[in-house]
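Each remark here refers to the structure printed beneath this line.
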Amino acid sequence: MNMSCKKINKEDIAYKYLWEMICDEDRKVGDLLPTELEISKQLGLNRLTVSKALAWLKNEGYVSRRAGYGTTIERKPPSSDTRLILVISPWPEWKRSANWYYSRLLYAVHGEALVNGATTVNVAFHATEAKEEDFNRILNLYNAVKCEGVIVIDPYVATHERLNKFLEKIGCPSVWVDSSIKEGDHTHRVDVDNFKAGFDLTENLINDGFKRIAFLSMALTTTARQLRYQGYQAALEAHGIAVDERYVVSPGSDLYVDEAGGECAGIYAARRLDADALFVTDSHMIKGMHAFFNEFPSPQMEKLIRLPIATFDSDDQDRNPMIRYSVVQPIESIGREAVQVFLAEHQATEGIIKKIPAEIKTFSVE
């Protein structure tokens, strides 16, 4: 796709100008770039526009900025003969707990790429609302260097069809990690085997003697949650237990994890359910359940927060004492496999799908 065929806004002009400046062979790591005022005069743009472009480059790791000193080149882009993987990950959120998952995936992807003689360049993408500048920055990088394709780290991006269509339009092969993206000729996926994880968690609770297992989940809007629910259903049916839809508790819209836990507790109370164990799709929901109990205490809610739990991604240091089983997602393995799929995709005639088995950790209930 040619940049001249596309309407470019002022931030894009500033970004492309600065990117070419960083790529200049005469500039080295540690060199100072011109000031915002100097760049704005050269381009005929205001300083705020230049500042935004510099902020993008800082977020992508190419420059560092220090008050009273200026903007310094932090690292150079790969040369044109370097095998390059463009990695698209969600824009960091203000909650630190929301970033741990894809941060570990990024480290795994970068490390595996280096081992295989490739270089990665990271671009942050707004998760909840795709913005035009997100696509423009991807296009600028894709056109600036020889890029073989992208790896999309997608725990929050979810079903951004716009991004997928955009990558297809510019002819860029993609590997989607932990995503609900649909398969395509140039689209490959690496996911945790969420169906089996959901099945095994539920079966463990059944083997412990529990029959009324409530399924508490964030909104069932992603493939991962849907597969966990299907695994839960399949395990009940395999043991001759009828699936009671009243015990499937999920808010109708996407909420933050803590809020989803509180919403599930409220729905559970309103339905007057009487489970003997819980399947919770995200361990951070448990904090929201306790917050709901503290605000609306009742004997039913007190019983709820004392039920045995099977969940995902429980933190050993901050683990709820009622958790019996927790899926440990093999994040590093997912990242390494994503790179391997990326390196092998040119040999594939159709989309590659890799399912990574997850480990289940057993805890003693206090």
Do we find that Ser217 is under 28 Å from the mean Cα position of the chain (by Cα) and either modelled with pLDDT of 95 or more or under 24 Å from Ile331 (Cα atoms) (or both) in this structure? yes
By my count, strands (runs of 3 or more DSSP E) wholly in segment 305-366 with at least 2 residues that are crowded, with 20+ Cβ neighbours inside 10 Å, at pLDDT below 90 and touching a helix residue (DSSP H, G or I) at 6+ places or on another chain (Cβ under 9 Å) are none
Within segment 218-242, can you find the residues that are among the charged types (D, E, K, R) and either farther than 20 Å from Arg189 by Cα or touching a Cys at 6+ places or on another chain (Cβ under 7 Å) (or both)? Glu237
Please tell me if Leu278 is in contact (Cβ under 8 Å) with a residue 12 or more places away in the chain, outside any helix (DSSP H, G or I), over 23 Å from the mean Cα position of the chain (by Cα) and crowded, with 23+ Cβ neighbours inside 10 Å. yes
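The values are calculated or read from the model by the stated rules, or taken from the named source; none is laboratory data. Predicted model only: the values in this text are computed from it and were never measured. Heads up, the Cβs are rebuilt from the backbone with ideal geometry, glycines too, and the neighbour counts pull from every protein chain shown.
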